[in-house]
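The values are calculated or read from the model by the stated rules, or taken from the named source; none is laboratory data. Every value quoted in this text rests on a predicted model; they were computed, and no experiment measured them. All Cβ positions, glycine included, derive from the backbone under ideal geometry; neighbour counts span all protein chains shown.
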Amino acid sequence: MNKKKKKLRPADIVMIALAVFMPFLPLVDHNGGHITVLVNAGVYMMLAIGLNIVVGFAGLLDLGYAAFFAIGSYTYAMVASPQFGLHFSFWPMIFVSAAVAALFGIILGAPTLRLRGDYLAIVTLGFGEIVPQTFLNLQKITGGPNGISAIDQPKIFGYHFGLNPVPYYYLVLVLVALSLVFANNLRTSRLGRAWMAIREDEIAAAHMGVNTTTAKLAAFSLGASFSGLSGVVNASLLTLVSPDQFKFNVSITVLSMLVLGGMGSLPGVVLGSALLSLLNFFILPQAGNLVAMVGLHVDFTQYRFMLYGIILVCIMLFKPEGLWGAEQRKAELKEHDDKAVIAAENAEYEDMPRESM
Amino acid sequence: MAFFALKQVTKAFGGLVAVKEVSYEINQGQIAAMIGPNGAGKSTAFNLVTGLYVPTSGGIEFDGLEIAGKKPDYVCKLGIARTFQNIRLFAFMSALENVMAGRHVRMTAMLWDSLLHTPKQKAEEKRVREQAMELLRFVGLERHADDFAHNLPYGYQRRLEIARALASEPKLLLLDEPAAGMNPREKEGLVDLIRAIRDRGTTVFLIEHDMGLVMNISERIAVLDHGEKIAEGTPEQIRSDDKVIEAYLGTSA
């Protein structure tokens with residue numbers, strides 16, 4: 001058991017390699033466009049890590065995750081812009097924003113505690129719509145459809161982040177790394193086991209002493225807190241927040257990242273979010289430029305969701321546990337295939353004659 | 001005051017009375033059983049004890065406390081653990097993780113500890129892992145610690161459920177048909193295991209269809225039929241009870 005713990009898994013090796021390599025990237029690649037792509041990827045990666053806690057670990061299907069991203073973004077925007085003339089410092093607001101998002105995770109999670117599966121998905125879908133609508137209509141506070149603009153950018157030791165993506169790159173790198181460490185810590189802890197127990201069998205979990213109410217609320221609020229982090233970075237990066245940034249397609253994009261990479265698997269989440277972000281922010285826009293050289297004018301970004309659809313269908317057909325899925329999920333899906341066989345086996349047990357009385 | 005007592009417990013689902021004014025007392029250190037034909041209300045009685053159902057009337061006493069209507073996690077914390085008739089393991093967690101999850105209620109790591117892996121959390125995690133291995137050894141599954149619960153043979157899954165239940169350090173262990181689906185050899189092993197559990201100081205309360213097994217290990221037996229207790233006593237008394245024979249074999253016309 002102990003020797004197994006020491007052995008490096010492929011995931012560990014990749015993570016270490018990335019941790020060593022990524023900080024030097026801006027020194028090698030001076031193309032600001034590339035760095036911006038990676039910053040955006042990082043923002044989405046944090047969202048995916050957060051959603052993975054709710055969906056992957058605790059098994060609670062949340063289709064309205066963008067709501068928390070919106071709450072995180074607006075929290076910072078409202079206190080660091082001319083909107084109310086407040087200019088709070090960026091750094092403490094990272095934590096405040098995460099805390100506010102976590103609080104809303106509890107508020108929105110509480111009414112859904114009795115719901116499972118499809119019902120939970122529908123209710124969270126509703127929340128995902130309600131929150132941007134609320135921001136849209138609270139004109140006086142949120143600036144309505146125009147949102148809030150001229151949001152402050154971070155500064156550190158008198159250095160302003162400004163339009164240079166490189167400092168953002170390092171900021172996002174640190175936040176993503178921290179998020180991964182936290183998520184991994186949670187996974188291998190008392191709370192993480194409780195989540196997985198709930199995911200596997202809620203009634204059995206309750207009988208083993210897991211307070212399912214607090215465990216689920218913890219999943220919702222911790223999951224939401226990551227999008228709080230992400231939101232602060234997003235707001236300061238774009239210097240603008242508006243309700244249309246947090247529509248349903250954001251929730252779906254993040255969920256697609258999990259499905260692509262592998263739900264419940266942290267390396268999978270990193271891989272999935274990196275691939276889809278790359279597609280979104282780099283490959284599709286570049287493809288447009290490429291065909292423009294031969295005189296064609298196609299906006300490939302329009303076809304984004306069609307592509308997601310194709311990718312997801314292919315994943316479901318060929319690698320349903322995701323590109324880098326968790327072992328547990330692989331086994332589960334295999335079992336699904338064998339379900340007929342297993343049902344037959346179980347029936348056999350039931351038919352077995354009881355011992356004589 | 002009894003260690004554990006069902007007191008005139010009734011559970012009705014709409015018009016169907018599944019358990020009707022059942023009383024049954026169990027002393028600490030006993031192996032007690034509840035038997036009865038299919039649909040007699042045995043599993044319902046267990047579900048009332050662990051808080052899955054709330055009794056329509058009557059009370060349940062455990063260790064000096066009234067537990068009727070309390071939630072399952074609270075009941076578990078007080079010291080009652082159970083297994084399920086249709087095995088309800090955490091199928092895609094390893095055997096070891098299942099037992100560690102069973103220990104949840106005796107662990108103290110808070111959210112903060114889990115998030116940061118504080119030294120206190122690490123020490124606890126290590127201790128719990130060792131205790132879980134110890135329990136796997138106790139039920140004879142130490143070689144399967146890393147296997148998914150789902151992949152274990154049926155008899156092993158039943159043993160793993162017992163290990164998971166024991167992880168919460170119960171004073172009272174409820175076993176819901178622990179021998180179902182086991183072959184005679186496995187049943188022998190189960191009898192030894194149940195005795196060993198009692199010898200560790202845990203009171204055992206089981207529901208079982210296998211009369212041979214029940215008569216062999218139980219010190220006290222209650223017989224349920226159509227939700228009502230029709231007899232209670234030692235195995236000898238039950239064996240010769242007319243009502244019991246009637247319930248099981250039907251009246252000879």
*Looking at residue B:46, is it at the interface with chain A (Cβ under 7 Å from one of its Cβ atoms) and in contact with a strand residue (DSSP E or B) (Cβ under 7 Å, 6 or more places away or on another chain)?*
no
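Starting from residues that are polar (S, T, N, Q) and at the interface with another protein chain (Cβ under 8 Å from one of its Cβ atoms), keep the ones in region B:91-124 and report whichever is farthest from residue A:195 (Cα to Cα).
The initial filter retains those residues of region B:91-124 that are polar (S, T, N, Q), namely B:94, B:98, B:108, B:114, B:118, B:121.
With at the interface with another protein chain (Cβ under 8 Å from one of its Cβ atoms) added as a condition, the list becomes B:114, B:121.
Numbers: B:114: 12, B:121: 17 Å.
This residue is B:121.
Could you check, for region A:163-185, whether at least one of its residues is outside any helix (DSSP H, G or I) and away from chain B (no Cβ under 14 Å)?
Filtering region A:163-185 down to residues outside any helix (DSSP H, G or I) leaves A:163-164.
So of that shortlist, the ones also away from chain B (no Cβ under 14 Å) come out as A:163-164.
Taking every residue of region A:163-185 in turn, at least one turns out to be outside any helix (DSSP H, G or I) and away from chain B (no Cβ under 14 Å).
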*asked:* Can you list residue pairs whose Cβ atoms sit under 7 Å apart, with the first residue in region A:107-128 being surrounded by fewer than 16 Cβ atoms within 10 Å (Cβ to Cβ) and the second being β-branched (Val, Ile, Thr)? Count only pairs 6 or more apart in sequence or on different chains.
replied: A:113/A:213; A:115/A:123
_Return the residues of region B:74-90 that are in contact with a Gly (Cβ under 9 Å, 6 or more places away or on another chain) and either within 7 Å of chain A (Cβ to nearest Cβ) or in a helix (DSSP H, G or I) (or both); say none if nothing qualifies._
B:74, B:75, B:76, B:77
*Pick from region A:297-349, criterion polar (S, T, N, Q) and either at pLDDT 85 or above or more than 26 Å from residue A:13 (Cβ to Cβ) (or both), ranking: surrounded by the most Cβ atoms within 10 Å (Cβ to Cβ)*: A:301
*Being at pLDDT 95 or above and surrounded by 20 or more Cβ atoms within 10 Å (Cβ to Cβ) narrows it down to one of B:31, B:35, so name that one.*
B:31
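Report yes if some residue within region A:186-196 is in contact (Cβ under 8 Å) with a residue 40 or more places away in the chain, facing another protein chain (nearest Cβ under 8 Å) and out of contact with any Leu (no Cβ under 7 Å at 6 or more places or on another chain); otherwise report no.
To start, the set of residues in region A:186-196 that are in contact (Cβ under 8 Å) with a residue 40 or more places away in the chain comprises A:186-187, A:192, A:195-196.
If we keep only those that are facing another protein chain (nearest Cβ under 8 Å) as well, we get A:186, A:192, A:196.
Then keep just the ones that are out of contact with any Leu (no Cβ under 7 Å at 6 or more places or on another chain); that gives A:196.
Within region A:186-196, one or more residues are in contact (Cβ under 8 Å) with a residue 40 or more places away in the chain, facing another protein chain (nearest Cβ under 8 Å) and out of contact with any Leu (no Cβ under 7 Å at 6 or more places or on another chain).
Taking into account only those residues within region B:91-127 that are in a loop (DSSP other than H, G, I, E, B) and touching a Phe, Trp or Tyr at 6+ places or on another chain (Cβ under 9 Å), which is nearest to residue B:182 (Cα to Cα)?
Just the residues of region B:91-127 that are in a loop (DSSP other than H, G, I, E, B), to begin with: B:91-93, B:103, B:107-110, B:117-118.
Checking which are touching a Phe, Trp or Tyr at 6+ places or on another chain (Cβ under 9 Å) leaves us with B:91-93, B:118.
Numbers: B:91: 19, B:92: 22, B:93: 23, B:118: 44 Å.
Among residues in region B:91-127 that are in a loop (DSSP other than H, G, I, E, B) and touching a Phe, Trp or Tyr at 6+ places or on another chain (Cβ under 9 Å), the one nearest to residue B:182 (Cα to Cα) is B:91.
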*Is it fair to say residue A:226 is closer than 29 Å to residue A:155 by Cα, within 14 Å of chain B (Cβ to nearest Cβ) and assigned to a helix (DSSP H, G or I)?*
yes
*Out of (1) over 22 Å from residue A:95 (Cβ atoms); (2) without any contact (Cβ under 8 Å) to a residue 12 or more places away in the chain, what's the single condition that is false for residue A:159?*
(1)
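For residue A:106, indicate whether it is within 14 Å of chain B (Cβ to nearest Cβ) and touching a Lys or Arg at 6+ places or on another chain (Cβ under 8 Å). Step through it out loud before you land on a result.
Details: within 14 Å of chain B (Cβ to nearest Cβ): yes; touching a Lys or Arg at 6+ places or on another chain (Cβ under 8 Å): no.
No; evaluated as a whole, the condition is false for this residue.
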